[in-house]
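Visitor: Got a structure for you, questions after.
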Amino acid sequence: WGKLEGSDEANSNVWRYQLRVDGVDEDYHTQVELEKDAREYVLKGLSLDACYGVSIRTHLDTEHDWGQWCKPMYVVVRRIPVDVVESAQNWTHVEWKSGFKLDAAPKAQFLSLLSSSSAAVTCLEPQIDRYIFRNLDPSTMYAAHLITVEQSSYPVKVLPSAPPLAGARGVQAKKIIGDSKHPPSFSIPIVAADFSQFLEEGFAFRTQRVLQLRAESIGQNHVLLHWDSKDPSAFLTIANNKAGDGAAAPAVASNAPTQEEEEAAHMISADDTFEIETVDGDSRRITKARGMYALIRSLKPSASIRCSVRWIAAKSEMPCEWSKPIVATMLPVIEPTLGPASPESGGVAGIGEDYLIFHWKCSLRNSNF
């Protein structure tokens, strides 16, 4: 609140302020007296999906009693369902529909990202309806929670928020990892009185695993590459490195996804598109492929080719992480020699009246053709 109506001198006559907050649809009432130089006050203990009326009045030095309450200003607090558009190894793209009216009333959005041990809150402009969480950890469960706060000149009947939309590939309809009865030590702008309920009502999702690449077959001028995301050992290594020596393993809730659910969530679809990077010295080539296999041709014999793969996002203009590179060494060129294959051949000449004898040496390792 600011100056009183009238002249600037009228403000200097204020002795104290009195602020009153009343819940429109719930039993919430608070009243507090503030000093004359107070210009703001933080409301605590508010619920979600609720509307509150706020009024203020003054006690002037020249008066013996409080003045009249001003016309109430209403604050509407809503939970907004969040939907995952796409989720990669280190980022997740979310969207929502806030339902804000196109007027000049003050409004704001608070988007929270929660994990088992931390939280980050971002205040967004009212017109924003999508956001990309960055610098996430692979194969990690997170929960997104969106709260909108809007000022209104009249009381608003707040309906319960709708359930989240259908999640994108890799989204788990599970609660966040960790015991909600012992929440992490952080604070966010607006939360319900029951913190565990706040966590559980967040829309949970899991980031994608890191891709595992291997060479299925190697020839003189080609390599058949295969990738998947089934091996969880890489993520156990990541978790151990971050926990440090002697650190306790992270807690896992009893409702954590089963192994079958995990594999289904990270299963690669035949429609998924990938980029394969092959590097031979200073030569770099990018090949696109669908599914889990790619045959890279026109390579040089005996060359050592460094290969990596990454997923291509279909709906988000965000690059994904490259897999850990592997090195595939091409087979050498076969060099046939005219003559007997070995001394055991009985000294048969390499050239006859109607025949030629050749022999060669070449390792056909890793070749399944």
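Visitor: Mind listing the long-range amide H neighbours of Asn90? Cut-off is under 5 Å, sequence gap 5 or more, other chains count too, H placed in the peptide plane at 1.01 Å from N.
Guide: HN-HN under 5 Å from Asn90: Glu321.
Visitor: Follow-up question, since we're still on this one. Around His59, under 15 Å between beta carbons, what's the net of Lys plus Arg minus Asp minus Glu among the other residues? Before the final figure, lay out the partial values.
Guide: Details: positive: Arg16, Arg20, Lys36, Arg57; negative: Glu33, Glu35, Asp37, Asp61, Glu63, Asp65.
Taking every other residue near His59 into account, the sum is -2.
Visitor: Next question. Say each of Asp137 and Leu159 gets a label point 7 Å from the Cα, pointing the same way as Cα to Cβ; how far apart are those two points in nm?
Guide: 4.0
Visitor: Then there is this: Spelling out what I want: for every residue of the range 141-146, take phi, set θ = phi - 60°, compute 6.51 cos²θ - 1.76 cosθ + 1.60 (Karplus), and round to whole Hz; glycine and proline get x.
Guide: 7, 10, 9, 9, 9, 10
Visitor: A follow-up question, please. Once R0 is set to 45 Å, what does the formula 1/(1 + (r/R0)^6) return for the Cβ-Cβ distance between Ile357 and Asp272, expressed as a FRET efficiency to the nearest 0.05?
Guide: E between Ile357 and Asp272, to the nearest 0.05, is 0.30.
Visitor: How many nm is it between the label spots at Thr337 and Ser118, if each spot is 7 Å from the Cα in line with the beta carbon?
Guide: 6.2
Visitor: Hey, another quick one. Accessible area per residue for the range 1-155 in Å², computed with a 1.4 Å probe and the full protein assembly in place, what is it?
Guide: Per residue, the range 1-155 has 54 Å² of solvent-accessible surface.
Visitor: Okay, next question. If packing is taken as the average count of other Cβ atoms within 10 Å, what order do 117-128, 298-309 fall into, highest mean first?
Guide: 298-309, 117-128
Visitor: In whole percent, and with a 1.4 Å probe on the protein chains, what portion of the accessible area of the range 62-102 is carbon and sulfur? Write out the running numbers ahead of the final one.
Guide: Values: 1120 of 2160 Å².
That share works out to 52 percent.
Visitor: If amide H atoms are built 1.01 Å from N in the plane of the peptide, which residues on other chains or at least 5 residues away come under 5 Å of the amide H of Trp15?
Guide: So Trp15 has HN proximity to His59, Leu60, Asp61.
Visitor: Here is a follow-up. Please turn the phi angles of the range 21-30 into ³J(HN,Hα) values with the Karplus equation 6.51 cos²θ - 1.76 cosθ + 1.60 (θ = phi - 60°), one per residue in order, whole Hz, x for glycine and proline.
Guide: Residue by residue, the range 21-30 yields 10, 10, x, 6, 10, 9, 7, 10, 9, 8 Hz.
Visitor: Got a sec to turn the phi values of the range 37-48 into Karplus ³J(HN,Hα) couplings, 6.51 cos²θ - 1.76 cosθ + 1.60 with θ = phi - 60°, whole Hz, x for Gly and Pro?
Guide: 8, 6, 10, 8, 8, 9, 7, 10, x, 6, 9, 8
Visitor: Sticking with this one: Pairwise over distinct Cα atoms, reciprocal of the mean inverse distance: report the Kirkwood radius of the range 264-331 in Å, one decimal place.
Guide: 13.1
Visitor: Take the Cα gyration tensor of the range 22-165, multiply each eigenvalue by 5, square-root it, and list the three semi-axes largest first, rounded to whole angstrom.
Guide: 37, 16, 13
The values are calculated or read from the model by the stated rules, or taken from the named source; none is laboratory data. Please read these numbers as outputs of a predicted model, since none were measured by experiment. All Cβ positions, glycine included, derive from the backbone under ideal geometry; neighbour counts span all protein chains shown. For accessibility, only protein heavy atoms count, side chains too; no ligands or nucleic acids. Shrake-Rupley method; radii C 1.70, N 1.55, O 1.52, S 1.80 Å.
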